[in-house]
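The values are calculated or read from the model by the stated rules, or taken from the named source; none is laboratory data. Everything quoted here is computed from the prediction, not taken from an experiment. Using ideal geometry, Cβ is built from the backbone for each residue, glycine included, and neighbour counts are taken over all protein chains shown.
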Amino acid sequence: MLTINADGHDLMHQFHKPTDEKRMVVIVPPDDYGPWLHARPAHSMDFMRPYPAQQLRASVDAAAQQALLF
C-alpha cells in the first residue's frame, strides 16, 4: 500500500490528531492503470498524487462509535 502526505487535503487531513502527520492511500484512477504499470521508475512518482476530495465519501461507522463507550 502506497501512502502520501495529506496535510493539505480537504477531507483526509481531519482524520488525524493535529500534531500527527496526515497520510492517505494513493488511489490510481482506472485510466492511469496502464501508464502507471508501464512507467519507467524515474516517472513512477508522477502517479503519487492526492485523490480529489470531492470524489471521496466518508461516513461514521455506528459500531465504531459504540466501541468508544468501553
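Anything in region 38-60 that is of a type in the set (A, V, I, L, M) and surrounded by 10 or more Cβ atoms within 10 Å (Cβ to Cβ)? List them, or say none.
ALA39, MET45, MET48, ALA53, LEU56
Spot the failing condition for THR3; the list is (1) in contact with a strand residue (DSSP E or B) (Cβ under 6 Å, 6 or more places away or on another chain); (2) of a type outside the set (Phe, Trp, Tyr); (3) touching a residue at least 24 places away in the same chain (Cβ under 8 Å), and only one is missed.
Here THR3 clears every test but (3).
Looking only at region 8-26, which residues are aliphatic (A, V, I, L, M) and closer than 17 Å to MET45 by Cβ?
MET24, VAL25, VAL26
Looking at this structure, is VAL26 among the β-branched types (Val, Ile, Thr) and modelled with pLDDT of 90 or more?
yes
Return the residues of region 36-65 that are closer than 20 Å to MET1 by Cβ and not in a loop (DSSP other than H, G, I, E, B); say none if nothing qualifies.
Residues satisfying the conditions are TRP36, LEU37, PRO41, SER44, MET45, ASP46, PHE47, ALA53, GLN55.
If I go through region 54-70 residue by residue, how many of them are small (Gly, Ala, Ser), more than 20 Å from HIS13 (Cα to Cα) and at pLDDT 60 or above?
Within region 54-70, residues that are small (Gly, Ala, Ser), more than 20 Å from HIS13 (Cα to Cα) and at pLDDT 60 or above number 2.
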